[in-house]
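Below: the structure, in structure tokens.
The values are calculated or read from the model by the stated rules, or taken from the named source; none is laboratory data. Fair warning: this is a prediction, and the values are worked out from it, not measured in the lab. Heads up, the Cβs are rebuilt from the backbone with ideal geometry, glycines too, and the neighbour counts pull from every protein chain shown.
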Amino acid sequence: MKWILDKNVDTKNLQISTVEIPKKSKILNYFKTYSSAIAYASSTVTDIITKSKTDIPNAMFTDSFFEWSSSIVYHFEKYNLKLTDEFIQHVLNNT
């Protein structure tokens with residue numbers, strides 16, 4: 001399985017942007033398609049910008065090719081977190 005973030009990116013310095021990501025709604029819909037978690041943690045997602053806790057449970061998801069966390073979905077939706085081009089292309093080819 002592949003991770004949807006660049007493996008060389010430090011998770012404390014995630015790449016976010018104020019520029020809206022092309023096809024963002026299509027990618028978010030893809031995340032919602034695979035909304036059954038494969039694993040849960042006992043904590044909730046922490047916003048990396050505000051450092052505040054959200055009410056979103058930390059969980060892991062997969063489409064059998066890629067895996068991602070609820071934290072990634074949250075930061076992608078809220079802050080345009082940069083995902084790998086390979087994952088974006090996978091989503092666009094399969095929706």
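So, H90, is that one under 13 Å from the mean Cα position of the chain (by Cα) and either part of a helix (DSSP H, G or I) or modelled with pLDDT of 90 or more (or both) or not? I'd like the intermediate steps shown before the answer.
Numbers: under 13 Å from the mean Cα position of the chain (by Cα): no; either part of a helix (DSSP H, G or I) or modelled with pLDDT of 90 or more (or both): yes.
Taking the combined requirement at face value, the residue does not satisfy it.
Taking segment 32-65 as the region of interest, how many residues are in contact with a Phe, Trp or Tyr (Cβ under 9 Å, 6 or more places away or on another chain), in a strand (DSSP E or B), of a type in the set (V, I, T) and more than 23 Å from L92 (Cβ to Cβ)?
Residues in segment 32-65 being in contact with a Phe, Trp or Tyr (Cβ under 9 Å, 6 or more places away or on another chain), in a strand (DSSP E or B), of a type in the set (V, I, T) and more than 23 Å from L92 (Cβ to Cβ): 3 in total.
Somewhere in segment 76-83, is a residue in a strand (DSSP E or B) and of a type in the set (A, V, I, L, M, F, W, C)? Walk me through how you get there before you give the answer.
Start the filter on segment 76-83 by keeping residues that are in a strand (DSSP E or B), which leaves none.
No, there is no match, as no residue in segment 76-83 is in a strand (DSSP E or B) and of a type in the set (A, V, I, L, M, F, W, C).
Conditions first: (1) modelled with pLDDT of 80 or more; (2) in a loop (DSSP other than H, G, I, E, B); (3) surrounded by 10 or more Cβ atoms within 10 Å (Cβ to Cβ). N29 passes all but one, so which condition is the exception?
Here N29 clears every test but (2).
Would you call T54 surrounded by 14 or more Cβ atoms within 10 Å (Cβ to Cβ), under 22 Å from T18 (Cα atoms), free of Cβ contacts under 8 Å to residues at least 24 places away in the same chain and of a type in the set (S, T, N, Q)?
Working: surrounded by 14 or more Cβ atoms within 10 Å (Cβ to Cβ): yes; under 22 Å from T18 (Cα atoms): yes; free of Cβ contacts under 8 Å to residues at least 24 places away in the same chain: yes; of a type in the set (S, T, N, Q): yes.
The answer is yes for T54.
Go through segment 35-45 and give me each residue that's hydroxyl-bearing (S, T, Y) and in contact with a Ser or Thr (Cβ under 7 Å, 6 or more places away or on another chain).
Within segment 35-45, the first condition is being hydroxyl-bearing (S, T, Y), and the residues that meet it are 35-36, 40, 42-44.
Selection gives T44 alone.
Taking the stated definitions as given, is I72 buried (at least 19 other Cβ atoms within 10 Å of the Cβ) and either touching a residue at least 60 places away in the same chain (Cβ under 8 Å) or more than 10 Å from the chain's Cα centre (by Cα) (or both)?
On the way: buried (at least 19 other Cβ atoms within 10 Å of the Cβ): yes; either touching a residue at least 60 places away in the same chain (Cβ under 8 Å) or more than 10 Å from the chain's Cα centre (by Cα) (or both): yes.
Considered against the rule, which asks whether it is buried (at least 19 other Cβ atoms within 10 Å of the Cβ) and either touching a residue at least 60 places away in the same chain (Cβ under 8 Å) or more than 10 Å from the chain's Cα centre (by Cα) (or both), I72 comes out as yes.
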